[in-house]
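*Asks:* This structure is in structure tokens; I'll ask about it shortly.
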Amino acid sequence: MSDETASLTEVTLSVPGMLCDGCAEMVRDLLMAVPGVRQARASAWRKHVAVRFEPSRVGPAEIRSALANGGFDGAEVQA
């Protein structure tokens, strides 16, 4: 499992339209449906979602596109 985990990349996106726990659940479900996304941790309180993904299968642009298709704007948060 450590080899699999090592190959994952994480990106944090700001999602200002995520206003409640229901929105956070919807964001998580939208992102988990994207092939290559392994984990999505959404926080309505922080208005952020942390996404772990396989960079060989999907990238931040596709992740933001999935959010946009679900009605949410997402912008990458710089560390």
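The values are calculated or read from the model by the stated rules, or taken from the named source; none is laboratory data. Model, not experiment: these values are computed from the prediction. Don't worry about glycine lacking a Cβ; one is built from the backbone with ideal geometry, like all the others, and counts go over all protein chains shown. Heavy atoms of the whole protein, side chains included, go into the accessibility calculation; ligands, DNA and RNA do not. Shrake-Rupley method; radii C 1.70, N 1.55, O 1.52, S 1.80 Å.
*Asks:* Please give the number of the condition residue 1 fails out of (1) open to solvent by 40 Å² or more (accessible area, probe 1.4 Å); (2) at pLDDT 95 or above; (3) among the hydrophobic types (A, V, I, L, M, F, W, C).
*Replies:* (2)
*Asks:* Which residues, counting only those in the stretch 40-79, are modelled with pLDDT of 95 or more, part of a strand (DSSP E or B) and either in contact with a Phe, Trp or Tyr (Cβ under 8 Å, 6 or more places away or on another chain) or not polar (S, T, N, Q) (or both)?
*Replies:* Residues satisfying the conditions are 40, 41, 42, 48, 49, 50, 51, 52, 53.
*Asks:* Looking only at the stretch 30-54, count every residue that is open to solvent by 70 Å² or more (accessible area, probe 1.4 Å) and either polar (S, T, N, Q) or more than 17 Å from residue 14 (Cβ to Cβ) (or both) and tell me the total.
*Replies:* Taking the stretch 30-54 first, the residues open to solvent by 70 Å² or more (accessible area, probe 1.4 Å) are 32-33, 35, 38-39, 41, 45-46.
From what is left, the residues that are either polar (S, T, N, Q) or more than 17 Å from residue 14 (Cβ to Cβ) (or both) are 32-33, 35, 38-39.
Number satisfying all stated conditions: 5.
Rundown of residues vs (1) touching a Pro at 6+ places or on another chain (Cβ under 9 Å); (2) surrounded by 16 or more Cβ atoms within 10 Å (Cβ to Cβ), yes/no style:
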residue	(1), (2)
17	no, no
22	no, no
58	yes, yes
76	yes, no
